[in-house]
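Just below is one structure, and these are the notes that go with it.
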Amino acid sequence: RQEKEPELRQLSARAIGRSQTVDLDGARCAVADSDPGVRFALLTGFLGRKLLGPQREELSGILLPLLSQDRWPMVRRAASEVLASTCQPGTAAQSALDKAVSDDDESVAAASLAGLSRCVGAQGLSRYQSLLLDEKSKPSVRGQACVLVARHGLSKSETAANAHRAIGDGLSELLDDPHAVDRSLVAALLCIRALGEHG
């Protein structure tokens, strides 16, 4: 709170994220800091931690604005990764990750989809299919969605037909897109590979 040098505040924020007992007041202070490096340092401190019980829910509530409102993509991306590790189906974290799949920054959108899939797994199959078929979704998101549709949809007889149809349509759109870029080709290759692995 009192240190003027942002580098020292960043070290403090990282230490708060790594401390054994979660310092919720310290986390709130770091989230409100004007320096994006401080917010990012807090999040990197939390990465890889297993948080349980009420602390997980409280921390998730503190971090949610970083995913939905922070101006810096590096902060939003890190927030998506931390929230994915605290996420439970049906929570505000799941909803925030779902919304962040439409983030303007492609890396944030892709990280949010990865986080959403960690949170809901096969329960998100219909969401993955809609992202795969959504022309407004970014190429890396569509490619990742295709992998998730193949992984969760092709293994069960009751979902396989719809999954095959979605993959076929999504792959066709990625390959035929007149505005396709290299990322579209990479997404299409991911899709073909997933089809081969799970198909």
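For the chain, taking a cut-off of 4.7 Å between Cβ atoms, the unpaired cysteines are Cys29. Charge tally for Ser102 (other residues, Cβ to Cβ under 14 Å; Lys, Arg +1; Asp, Glu -1): -1.
Of the trypsin sites (Lys or Arg not before Pro) found in the stretch 1-77, the ones in coil according to DSSP and having at most 11 other Cβ atoms within 10 Å of their Cβ are Arg1, Lys4, Lys50, Arg71.
A convex hull fitted around the alpha carbon atoms of the stretch 123-199 yields 65 Å³ per residue. Once you divide the Cα radius of gyration of the stretch 78-128 by 2.2 N^0.38 Å, the number left is 0.97. For the stretch 9-48, a simple Cβ point-charge model (Lys and Arg +1, Asp and Glu -1, everything else neutral) yields a dipole of about 100 debye relative to the Cα centre. Computed from backbone phi with θ = phi - 60° and the Karplus coefficients 6.51, -1.76 and 1.60, the 3J(HN,Hα) list for the stretch 90-107 is x, 9, 5, 5, 4, 4, 5, 5, 4, 5, 6, 4, 9, 4, 5, 8, 5, 5 Hz; x is used for glycine and proline.
Pairwise Cα distances in the stretch 72-156 exceed 17 Å in 40 percent of cases. Given the C-alpha centroids of the stretch 129-182 and the stretch 9-76, what is the distance between them in whole angstrom? Taking the Cα centre of each part, the stretch 129-182 and the stretch 9-76 sit 34 Å apart. Ranking Gln20, Leu133, Leu190 by Cα position along the charge dipole of the chain, where only Lys, Arg, Asp and Glu carry charges on their C-beta atoms, puts Gln20 farthest toward the positive end.
Applying both filters, DSSP loop and at most 14 other Cβ atoms within 10 Å, to the GluC sites (Glu not before Pro) of the stretch 122-199 gives Glu135. Along its three principal directions, the equivalent ellipsoid of the stretch 1-112 from the Cα gyration tensor extends over semi-axes of 21, 17, 10 Å, largest first. Per-atom-type breakdown for the chain gives carbon and sulfur 51% of the accessible area (1.4 Å probe, protein chains only). Can you compute log10 of I(q)/I(0) for the chain with the Debye formula, treating each Cα as one identical point scatterer, at q = 0.08, 0.17 Å⁻¹? Listed by q, the Debye log ratios stand at -0.31, -1.01.
Across all Cα pairs in the stretch 125-169, the calculated P(r) in 10 Å bins from zero up to the longest distance comes to 35, 56, 9 percent per bin. A Förster distance of 25 Å, applied to the separation of the beta-carbon atoms of Lys50 and Lys99, puts the FRET efficiency at 0.50. For the stretch 33-79, the pair-distance distribution built from all alpha carbon pairs, in bins 5 Å wide starting at 0, is 5, 22, 32, 25, 12, 4 percent. Placing +1 on the Cβ of every Lys and Arg and -1 on the Cβ of every Asp and Glu, with nothing else charged, gives the chain a dipole about its Cα centre of roughly 520 debye. Taking trypsin sites (Lys or Arg not before Pro) across the stretch 108-146, the ones in a DSSP loop with at most 12 further Cβ atoms lying within 10 angstrom of their Cβ are Lys136. Within the straight-line cut-off of under 22 Å between alpha carbons, the lysines reachable from Lys99 are Lys136, Lys138, sequence neighbours fewer than 8 places apart in one chain being disregarded. Remark: the chain carries 53 Å² of accessible area per residue (probe radius 1.4 Å; ligands, DNA and RNA excluded).
The values are calculated or read from the model by the stated rules, or taken from the named source; none is laboratory data. Please read these numbers as outputs of a predicted model, since none were measured by experiment. Cβ coordinates were reconstructed from backbone atoms using ideal geometry, including for glycine residues, and neighbour counts include every protein chain displayed. Only protein heavy atoms, including side chains, enter the accessible area calculation; ligands, DNA and RNA are left aside. Shrake-Rupley method; radii C 1.70, N 1.55, O 1.52, S 1.80 Å.
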